[in-house]
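Every number in this text was worked out from the coordinates using simple rules, so none of it is lab data. What you are looking at is a predicted structure, and each value in this text was computed from that prediction instead of being measured. Heads up, the Cβs are rebuilt from the backbone with ideal geometry, glycines too, and the neighbour counts pull from every protein chain shown.
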Amino acid sequence: MRNPVLILLIIINLLGGCKRQQSASTGKQVFRYNEASGIRTLDPAFAKGQADIWACNQIFNGLVQMNDKLETTPAIAYRWEISEDGKIYTFFLRKDVHFHDDPLFPNGKGRVVTASDFVFSFKRILDPKLASPGAWVFNQVDTQNGGFVALSDSVLQILLKQPFPPFSGLLSTTFCSVVPHEIVNHYGNDFRTHPVGTGPFRFHLWVERTNLIFHKNEKYFEFENDKRLPFVDAVVISFINDRQSAFMEFVKGNLDFLSGIDASYKDELISRQGSLKPKYENKFKMEKCAYLNTEYLGFIMDSTQGVMKNNPLNNILIRQAINYGFDRKKMITFLRNGIGTPGEFGIVPPGLPSFDSTNFRGYHYNPGKTAELLAQAGFPGGRGLPVITMSTTREYQDICEFMQGQLAESGIRIKLEVNQGAAHREMVAKQELSFFRASWIADYPDAENYLSLFYGDNLSPRGPNYTHFNSEKFNEGYRNASATTNDSLRFSIYKDLDQQLMNESPVVVLYYDQVVRLYQNNVHGLGNNAMNLLSIKKVSISE
């Protein structure tokens, strides 16, 4: 059994501790960031949360990858073809991609990746014995007729049941990473702590709840301006669980990068308008961009559910009255310090090519309209309207209390129920909460991913349709969009579907989030994107 004290001493000796000046003295460039929530696994088959995805993306590659413009670009596949009917994808693989060196390979040298490795990796994801949370990625694959076929060592074919235009982007998810069968079969479940991939960094050491270390992959296949990637020599991930303490480590220069603005230090760091306060303006950089994350409140739309018996939320007029009854702009300014965009459009967020703020009717603060709708529903001024329970988690309690106060001014009385995160998610999945807080972060950059939350075949707990919205008109339009390969036509259908949702009000869109990144002035090439993907391979650190 490894001695954790000895391991920590090795870490300090190898990487010069946590101080930037110490690592500089070793002549090595070390990129440091913190994961307050920890990391559960380094097996891409189970990389579901952001922390796991970020770590796995440094070790593994797939057929394709996503750039900062959310374009699907080559990775191990240098090109691909799609058949005219949109159901056959043929990928042509590079022949110079090797798995990381490992003692389990002959002579300890990583071998070349072949199409058969992808067949193994994808079938592994679908294996019910593995129970990977990423199995849904291949829902469109025609496994009855082969699904994944290695035509040669360097040509892979994937067969779909029907056209699905977002499929190539879907293949950029971490679940679709290639893994070597020798290593996976040897370690089994322990592959999570013995990962071997093809990525820009290779696994070195993991002391859980303390540090995770990756070293540069000297044989990585990608180049930038004729220079082999990656540029830094190592990545060190710490696990400081107190976010304010992590912020202080960043301010002291002991971390190179910090993601997001936590409530514990947001008022210290940024103004109400979302800009850095003067005391920090020259100490480090802050970048913001649209984030494909829609924060919302959902209503159960199935009146047969027990929680909806005699519930006023069965009335569309009450749902619409709530939507008009609070000021999203004020909420963003005072509770989020200007971070985010008020949710005055649909469920589909800014940052996607199909998003269109023109000729779209969402909801904005209009207390007069709330009063009008309450009167139409038979509750003028809220008189006679039963108390409505809104369920949330502690993280979003302040937002829900803000709504509670504003809705009370129109006569809509809200009772707040604050649940623990895991319990809240379970109750949402089981339709035990009539009015609940939720969010959706895109798995891939296509509006279909958001609209799938309301498709009739995706009812929870089997699928992500937590509101149990089920409209034949919407379902038909959704199916048409999924089979439409022309982007402009598909985007037009997406907009119509989103408008249908807003008209029926199965949700209250709160805001569209933003990616906020803080990094030291001497860090270059980090990039930013609406999927909040973290790519370190092009990062360099100046003296």
Cα atoms only: what Rg and Dmax, in Å, come out for the chain?
24.7, 80
Taking θ as phi - 60°, what are the ³J(HN,Hα) couplings along the stretch 57-68 by the Karplus curve (6.51, -1.76, 1.60), each to the nearest whole Hz, with x for Gly and Pro?
5, 7, 9, 10, 10, x, 5, 10, 9, 10, 8, 5
For Ser132, Ser177, Ser492, which order do you get if you count the other beta carbons within 10 Å of each Cβ and list the fewest first?
Ser492, Ser132, Ser177
Glu224's amide H: which non-local residues (gap 5+, or another chain) put their own amide H closer than 5 Å, with H modeled 1.01 Å from N in plane and none for Pro or chain starts?
Leu229
With a Förster radius of 45 Å, plug the Cβ-Cβ distance of Asp262 and Leu104 into 1/(1 + (r/R0)^6) and report the FRET value to the nearest 0.05.
0.65
Hydrodynamic radius by Kirkwood, which averages 1/r over all alpha carbon pairs of the stretch 291-514, in angstrom
17.7
Would you order Tyr89, Tyr78 from fewest to most other beta-carbon atoms within 10 Å of each residue's own beta-carbon?
Tyr78, Tyr89
Cα→Cβ-extended label distance, 7 Å offset, between Tyr280 and Asn366, nm
3.8
Proxy exposure order for Met531, Met502 (fewest C-beta within 10 Å first) is Met502, Met531
For Val97, which sequence-distant residues (separation of 5 or more, or a different chain) have an amide H within less than 5 Å of its own amide H, given hydrogens modelled in the peptide plane?
Val113
How large is ³J(HN,Hα) for each residue in the stretch 361-378, as worked out from phi by the Karplus curve 6.51 cos²θ - 1.76 cosθ + 1.60 (θ = phi - 60°), to whole Hz, x for Gly and Pro?
9, x, 10, 9, 5, 8, x, x, 5, 4, 4, 4, 5, 4, 5, 4, 7, x
Pairs from Lys87/Lys109; Lys329/Lys495; Lys28/Lys219; Lys430/Lys473; Lys95/Lys216 whose Cα-Cα separation, in the structure shown, is over 27 Å
Lys87/Lys109
Find which of Phe122, Tyr78, Pro165 sits farthest along the positive direction of the dipole of the stretch 61-186, computed with +1 on the beta-carbon of Lys and Arg, -1 on that of Asp and Glu, about the Cα centre.
Phe122
Karplus-derived 3J(HN,Hα) from phi for the stretch 433-449 (6.51 cos²θ - 1.76 cosθ + 1.60, θ = phi - 60°), whole Hz, x at Gly and Pro, runs 10, 7, 9, 9, 7, 8, 8, 9, 9, 4, 7, 7, x, 8, 4, 3, 4
Estimated 222 nm signal from helices in the chain, with DSSP H stretches of n ≥ 4 weighted -39500 (n - 2.57), rounded to 500
-7500 deg cm²/dmol
